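Written out below as structure tokens is the structure these notes cover.
Read-outs throughout are calculated quantities, based only on the coordinates presented, and are distinct from any laboratory measurement. All of these numbers come straight from a predicted model, not from anything done at the bench. Neighbour counts run over all protein chains shown; Cβ positions are idealised from the backbone, glycine included.
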Amino acid sequence: MAISSIALSTAARQNLLSLQQTSSLLQTTQNRLSTGKKVNSALDGATAYFASQGFLNRANDLSSIKDNLSTALQTVTAASNAIDSVTKLIQQAGGLTTTALQSNDAGSRSGLAVQFNDLLGQINALVNDAKFNGTNLIGPTNVSMIVYFNEDNTSKLTITSVNLSIDTTNGLSVAVAANAFVSDTDINVAVSQLQTALTKLRTTSSGFGNNVSVINTRQDFTSKLINTLQTASDSLVLADINEEGANLQALQARNQLGITSLGISGQLAQAILRLF
């Protein structure tokens, strides 16, 4: 049916237009209440929508970086824990040398030398097992682990492995017991090597501890930045539920009044017809 074929009075047409506007507002308000957002698409507000999406996209990127930071942190922590264990074994080996120096029995010294060598083997085994996620920061193989802190990889921390194995010149450089610890000179050489090894272990532990602190700090900062970005995004698109609830009640009342008003307009037209 063509629009021009329907004749409405001015009052009825005005009431109908008002009712249509109220219905549209009701639909918008109900949509906001159901989604919790006042901006659900670019049609609702392009500037706010795309700005909000930009914040969320960066928050998602940082969330992935935060996961990588967690993995890196565990890798360094695994190395630090291994260093603590190696330190205890080195100290235990030092105890054997002290006992050997206090003994004048060649047989006892020989037995202590065997125990000393066994401990060195255990240290090497522990160092080789200090691997997390395929990375060993204290093994004989040189490794550089790069930890990225931002989305474009311009902010980073490079952690270089330190060789803490026993039987290499680049490692802790503690030799097996010479001559079965028969002479004090042989024992004192081992004592000196153990002291040097402890110094290297403590220096390495301090370095890894600093790396853990840096990663922890950046991880906390990243978490706070993600929260800030999410809050900024929400402030642009989230609806005030209390306000929208009040609007819904007001619009429902206005809708009922509009229907009533439209009905009155129709009744006036019918009253005029009764005159004929």
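Checked against the criterion of being more than 18 Å from Val76 (Cα to Cα) and either polar (S, T, N, Q) or out of contact with any Gly (no Cβ under 8 Å at 6 or more places or on another chain) (or both), the candidates Gly139, Gly209, Gly121, Gly134 yield just one match: Gly121. Among all residues of region 166-179, there is at least one that is among the acidic types (Asp, Glu) and in contact with a Ser or Thr (Cβ under 9 Å, 6 or more places away or on another chain).
Taking the numbered list (1) more than 18 Å from Leu201 (Cα to Cα); (2) touching an Asp or Glu at 6+ places or on another chain (Cβ under 7 Å) in turn, Asp105 passes all entries but (2).
Just to be sure before I move on: is Ala48 hydrophobic (A, V, I, L, M, F, W, C) and surrounded by fewer than 18 Cβ atoms within 10 Å (Cβ to Cβ) in the structure I sent? Against the criterion (hydrophobic (A, V, I, L, M, F, W, C) and surrounded by fewer than 18 Cβ atoms within 10 Å (Cβ to Cβ)), Ala48 qualifies.
Checking Ile226, Ile159, Ile138, Ile166 one by one, the residue that is part of a helix (DSSP H, G or I), touching a residue at least 24 places away in the same chain (Cβ under 8 Å) and either touching an Asp or Glu at 6+ places or on another chain (Cβ under 6 Å) or not small (Gly, Ala, Ser) (or both) is Ile226 and no other. Of everything in region 48-75, what is among the acidic types (Asp, Glu) and under 30 Å from Gly139 (Cβ atoms)? Give them in sequence order. Asp67, the sole residue that qualifies.
Checking each residue in region 120-155 for being closer than 25 Å to Leu89 by Cα and among the aromatic types (Phe, Trp, Tyr) picks out only Phe132. For region 82-104, the candidate set comprises residues that are in a helix (DSSP H, G or I) and among the polar types (S, T, N, Q); within that set, the residue that is farthest from Asn136 (Cα to Cα) is Thr99. Scanning region 57-92 for residues that are farther than 26 Å from Ile166 by Cα and among the hydroxyl-bearing types (Ser, Thr, Tyr) turns up Ser63, Ser64, Ser70, Thr71.
Yes/no per residue for (1) farther than 22 Å from Gly54 by Cα; (2) loosely packed, with under 12 Cβ neighbours inside 10 Å; (3) among the charged types (D, E, K, R):
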| position | (1), (2), (3) |
| --- | --- |
| Phe149 | no, no, no |
| Ile166 | yes, no, no |
| Ala180 | yes, no, no |
| Asp186 | yes, no, yes |
| Val189 | yes, no, no |
| Leu198 | yes, no, no |
| Ile215 | yes, no, no |
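Candidates Asp67, Asp84: the one that is without any contact (Cβ under 8 Å) to a residue 12 or more places away in the chain and either within 27 Å of Gln195 (Cα to Cα) or loosely packed, with under 13 Cβ neighbours inside 10 Å (or both) is Asp67. Set side by side, the residues Val174, Val189 differ, and just one is over 30 Å from Asn57 (Cβ atoms) and part of a helix (DSSP H, G or I), which is Val189. Considering the conditions (1) surrounded by 12 or more Cβ atoms within 10 Å (Cβ to Cβ); (2) free of Cβ contacts under 8 Å to residues at least 12 places away in the same chain, Gln122 is excluded by exactly one of them, (2). If you go through region 105-135 and keep only what is assigned to a loop (DSSP other than H, G, I, E, B) and either within 24 Å of Ile215 (Cβ to Cβ) or in contact with a helix residue (DSSP H, G or I) (Cβ under 6 Å, 6 or more places away or on another chain) (or both), you end up with Ala130, Lys131, Asn133, Gly134.
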